[in-house]
Amino acid sequence: MLDYKISIGYDFDQKHDEDDDRRVADTFRVISLSFSNLGGPETVPEYFSKFGNRSYEDRIYSSLGEHYLGKLRYDDAAKTYKGFVALYPFHHAAPRFSMRVVDTFTQGGFPKLVLESKREFASKYGLKAEYWRHFKPEESPEVLAYLKTNLKDLATHYHAQYQNANGVDEKLTNYREASQWYGAYLESFPKEADSAAVNYQLADLLLENKDFGESAKQYERTAYGYAPHPQSAAAGYAAIYAYREQLKVADKKQQDAVRRDTVASSLKFADTFPQDEHAAAILGAAADDMYEMKDYKAAIEADRRVIDKYPGAAASILRSAWIVVAHGSFEVAEYPRAELAYTQVLTVTPESDKSRAALVDNLAASIYKQGELANDAKDYRAAADHFLRIRTAAPTSAIRETAEYDAGAALIRLQDWKAAVDVLEAFRTTFPKNKLQLEATKQIAYAYRQSGELSHAAGEYERIASQSDDLALRSEALLDAGDLYAQSNSRDRALDAYNRYVKEFPKPVETAIEIRFKIAEMYKAAHDETLYHKQLEEIVSAEAAAGSERTGRTRTLAARSALVLAEQLYENFVAVKLRQPFETSLQDKSSAWMPRLSPWASWRITELTR
């Protein structure tokens, strides 16, 4: 009957006369009953091998399978469909028979067999399977739709099994299965409307299995590899989370690479989803990472975006952004911007905050650095102004003391003597325990000296002599003080300085004798003969006791002193006249000479007899 229909051009896919179509349908039913009675699906290939194959064999198998389904003989129906596929794996109808196997077990309520048949279908008709070398996928939309459904069903099933698994081995097996089927779906249908959602599920699976690096990549693919979809932003955020989880477990060699990936993903999120509620926090965290990697300029740029684009962000986020801008700007020597940023941070930092003191120091340092740069450029006025700004901008900073001293030093370089003195005296008063006290006094003394205020300069040198532990510096300061007092006609104070010098520094002998001679000359000029002669005697005595330290100069000064003293004695001696009685006047004359004979007379006699 069927052979005859084929011979006259009957098309089984077309509609014909109702009676004719009914006769054909009845014929298929009779054939199905016959094969069923002959022994079932195994008899079908035996029959055709004996009596010859037919072009409509697929319809024979289909009719027999439906016959069994009608009788609720699910296993026989499935065997029938499988038998055709096994016999004709590359027949255009083979996928439909495999689909009927799945439907049959589903209808019969056999979940394990359903799962097995779906796995088999997905393996045989995945888009890389051998079957599609013989057919074009686009010509089989029904098969592709079924493949999509099966792949998703398999992936979600094993994903659920993974989540509920107890043993490690069971968990690993289900993880691998789920990964395989998610991957197969995305490889087969990368541009489908639901591909992004499937990709998201794969990323979730990877994250649950703590494969953070691959999870992050799949989240990124979900977020940015498809047309915008409802889960785009969530996937982008999840990618960053996965990278940060990976950062926690990465070894030292991987840390930098993972951090760079985290930053790149964060910046991409902020660029793609600038209106997202997490954008500001993510951008700020990326800036922190870049700062830690010493990529300061990029960190500054990222946090400037936070500050400029998200003024309504949480206060903690904005404060952190300002901190990174401040620290980063300082690191790249952009000190004015660093100063501004530190000022902003301090405005939102409570007085009780433990970090405040360090921030104040950083603010002061950013101002101080501006002063240093001005100093290097020899713009000493600007340098001093910067240094002095610290006293108002960061009065509690540790660097303030040094800054105020440096301000005075800059003003001295500028030769603004009065301003320099004012600054350095304020420094000395405000910071009495600072180690630069002595240096400040030296600078003040120098400024007074240069400005012609010699008496004030002398006073500062006396102060140096009192404060310093350096004997050489003290001696030099006393000499300077004495000389300056002398030049400013402060005779008594000059004498005090010189007398203090010779008392404290009898050596080197030559210098001490020089100063004593200068003292003597000052007494002489004041007509104080007693103290004048006393100093001359001290010169003679000191020189006589100097031993190997005697020099040509000490001998000269001692000789001159002795000569003056001798002349005085001679005058005293000749003033007493010899008279009768001679013995009495001779005794008087001797008294005028003898009490003053030693020690200078003996020295003089020695020198003269030499």
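The values are calculated or read from the model by the stated rules, or taken from the named source; none is laboratory data. This structure is a prediction, so every number in the text was calculated from the model and none was measured. Neighbour counts are summed over all protein chains in view; Cβ atoms, including those assigned to glycine, are modelled from backbone coordinates with ideal geometry.
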* **Looking only at the range 475-495, and only at residues there that are charged (D, E, K, R) and in contact with a Phe, Trp or Tyr (Cβ under 8 Å, 6 or more places away or on another chain), the one that is surrounded by the fewest Cβ atoms within 10 Å (Cβ to Cβ)** => Arg491
* To do: Find all pairs meeting these conditions: Cβ atoms under 7 angstrom apart; at least six residues apart or on different chains; first residue within the range 210-230 and under 14 Å from Lys268 (Cβ atoms); second residue assigned to a loop (DSSP other than H, G, I, E, B).
  => Thr222/Gln231
* Kindly list the number of the only condition in (1) modelled with pLDDT of 85 or more; (2) within 29 Å of Arg560 (Cβ to Cβ); (3) in a helix (DSSP H, G or I) that fails for Ala445. => (2)
* Asked: What tally of residues in the range 449-461 results from selecting those that are surrounded by 23 or more Cβ atoms within 10 Å (Cβ to Cβ) and either of a type outside the set (A, V, I, L, M, F, W, C) or touching a strand residue (DSSP E or B) at 6+ places or on another chain (Cβ under 9 Å) (or both)?
  -> 2
* Asked: Of everything in the range 257-278 that's part of a helix (DSSP H, G or I) and touching a Lys or Arg at 6+ places or on another chain (Cβ under 8 Å), which residue is nearest to Tyr226 (Cα to Cα)?
  -> Ala270
* Go through the residues of the range 171-184 one by one and say whether even a single one is more than 23 Å from Val101 (Cβ to Cβ) and charged (D, E, K, R). => yes
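Here are some residues: Glu521, Glu537. Which one is free of Cβ contacts under 8 Å to residues at least 12 places away in the same chain and out of contact with any Lys or Arg (no Cβ under 8 Å at 6 or more places or on another chain)?
Glu521
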* Name the residue, out of Ala203, Ala250, Ala234, Ala178, that is within 35 Å of the chain's Cα centre (by Cα) and buried (at least 22 other Cβ atoms within 10 Å of the Cβ). => Ala203
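Can you tell me which residues in the range 456-479 are of a type in the set (Asp, Glu) and modelled with pLDDT of 85 or more?
Glu460, Glu462, Glu476
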* To do: Exactly one condition in (1) under 13 Å from the mean Cα position of the chain (by Cα); (2) of a type in the set (Val, Ile, Thr); (3) surrounded by fewer than 21 Cβ atoms within 10 Å (Cβ to Cβ) is not met by Thr272; state its number.
  => (1)
* Asked: Does the range 496-507 include one or more residues that are of a type outside the set (A, V, I, L, M), in a helix (DSSP H, G or I), more than 21 Å from Arg550 (Cα to Cα) and within 54 Å of the chain's Cα centre (by Cα)?
  -> no
